[in-house]
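Everything below concerns the one structure shown next.
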Amino acid sequence: MVKTKTGPIAEAKRLIVKIGSSLLVDEASGLVRRTWLDSVCTDIAACRKRGQEVIVVSSGAVAVGRRRLGLTPPLKLEEKQAAAATGQIRLAHDYQEALAHHGLSVAQVLLTLDDSDNRRRYLNARATLETLLRLGAVPVINENDTVATAEIRFGDNDRLAARVAQMVSADALVLFSDIDGLYTADPRKDKDAAFIPEVRELTPEIEAMAGDPGSAYGSGGMVTKLVAAKICLSAGCKMAIARGQAMNPLAAIEAGGRCTWFLPSAEPRTARKQWIYGAMSPTGAVILDDGAVRALRHGRSLLPAGVVAVEGSFERGDCVLVQGKDGQILGRGLSAYSAEDARRIAGRQSAEIEQILGFHGRDELIHRDDLVVEG
Ligand code: GLU
């Protein structure tokens with residue numbers, strides 16, 4: 001009998017793997033460690049074969065590009081940006097080759113951190129990632145370093161990976177770096193540092209274990225990893241800090257290799273809805289006909305056809321109230337259209353949207369993943 005694997009990685013429908021520069025790029029030569037990357041891609045292919053969706057968040061652009069341009073540290077911001085622009089092509093090329101070996105298509109996605117703060121770009125980035133996953137591609141994400149206005153810091157991709165996990169409601173994120181997990185103190189300095197296998201809540205005691213932000217406890221630092229953990233816990237996404245140096249590192253932690261798991265209490269979808277509820281105040285309302293009210297109660301998305309009126313003023317991605325004709329509040333959600341466009345397509349079939357607005361927008365006015373229906 002085939003033994004079904006269990007554990008957060010095997011059970012994840014949507015898995016994110018974050019790879020740090022120190023693993024991917026050979027320090028001495030500045031070249032991508034291809035044999036190692038091939039082994040990671042073999043693990044990814046095994047997940048895809050089991051029907052899991054996988055997103056990679058990869059650093060390494062600056063480390064690779066710096067050598068190619070003959071730059072020596074310390075680099076100014078614009079030199080780092082130039083290095084990233086050169087290195088990113090190399091990275092994408094290596095991922096493409098390594099994944100093609102398994103018949104997998106790769107898609108490069110460059111994001112800036114505030115993509116997830118700006119609702120409109122957030123919805124676009126999410127829809128692109130969803131589409132890529134549906135089409136079976138493996139998105140490989142990095143920060144869009146060319147347009148980054150703040151200093152490019154190692155460790156920023158920990159946070160980026162967590163934001164991506166939140167954005168796509170991922171079930172698990174693995175942060176691969178050069179440390180196998182969280183310790184009560186920096187294990188390189190303190191021989192009494194004890195390993196913590198599991199964290200369910202980020203208490204002040206746990207946060208204090210990361211030490212000061214400047215310390216290099218885990219490349220990129222433990223502080224950024226705990227920031228990532230905080231985002232993941234609130235997004236209902238399980239997160240692991242794991243050592244990645246050995247070949248097939250994903251298979252290794254699945255087989256019980258040492259790592260620290262951060263385990264949230266809620267599921268990603270529930271957490272997402274709590275976030276929609278908690279973080280945003282509605283700036284308008286859509287009023288529905290009775291058919292749409294019934295459809296919503298059955299967990300469907302809201303289509304323009306079911307809307308009888310649109311109130312207030314809001315932009316695409318803003319939070320709106322969803323009401324019945326009698327004024328009863330059914331819930332709230334993120335609108336895929338601005339108030340102005342929503343008024344024009346209200347009561348119309350989704351197939352007519354392009355003709356009315358002049359562009360082919362989303363079929364749904366509010367997608368069910370962006371909708372919270374009360375009681
Ligand atoms: N985006 C940077 C790079 O690709 C790295 C940021 C990080 O390591 O967190 O080089």
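The values are calculated or read from the model by the stated rules, or taken from the named source; none is laboratory data. Small disclaimer: the values here were computed from a predicted structure and weren't measured. Don't worry about glycine lacking a Cβ; one is built from the backbone with ideal geometry, like all the others, and counts go over all protein chains shown.
Of all residue pairs spaced 6 or more apart or on separate chains, those with beta-carbon atoms under 8 Å, a first member in the range 246-274 that is at positive phi and a second member that is among the polar types (S, T, N, Q) and assigned to a helix (DSSP H, G or I) are ASN248/SER39; ASN248/THR42. As a summary of the residue check, GLN88 satisfies the conditions (1) without any contact (Cβ under 8 Å) to a residue 24 or more places away in the chain; (2) near the ligand (Cβ under 9 Å from one of its atoms); (3) not aromatic (Phe, Trp, Tyr) except for the one numbered (1).
Using the structure shown, decide if ALA193 is in contact with a Ser or Thr (Cβ under 6 Å, 6 or more places away or on another chain), more than 27 Å from ASP370 (Cβ to Cβ), more than 14 Å from the ligand (Cβ to nearest atom) and small (Gly, Ala, Ser).
Working: in contact with a Ser or Thr (Cβ under 6 Å, 6 or more places away or on another chain): yes; more than 27 Å from ASP370 (Cβ to Cβ): yes; more than 14 Å from the ligand (Cβ to nearest atom): yes; small (Gly, Ala, Ser): yes.
Considered against the rule, which asks whether it is in contact with a Ser or Thr (Cβ under 6 Å, 6 or more places away or on another chain), more than 27 Å from ASP370 (Cβ to Cβ), more than 14 Å from the ligand (Cβ to nearest atom) and small (Gly, Ala, Ser), ALA193 comes out as yes.
Count of the range 30-89 residues, restricted to those that are farther than 26 Å from GLN166 by Cα, of a type in the set (Asp, Glu) and touching a helix residue (DSSP H, G or I) at 6+ places or on another chain (Cβ under 7 Å), is 1.
Of these, ARG163, ARG120, ARG153, which one is closer than 30 Å to THR270 by Cβ and at pLDDT below 85?
ARG120
Contact map, the range 336-360: first residue within 19 Å of GLY291 (Cα to Cα), second residue at pLDDT 95 or above and small (Gly, Ala, Ser), Cβ cut-off under 6 Å, separation 6 or more or different chains; pairs are GLN349/ALA305.
Checked against (1) crowded, with 23+ Cβ neighbours inside 10 Å; (2) within 15 Å of the ligand (Cβ to nearest atom), GLU53 passes all but a single condition, namely (2). Taken over the range 1-41, the residue count meeting the criterion of being among the hydroxyl-bearing types (Ser, Thr, Tyr) and within 14 Å of the ligand (Cβ to nearest atom) is 2.
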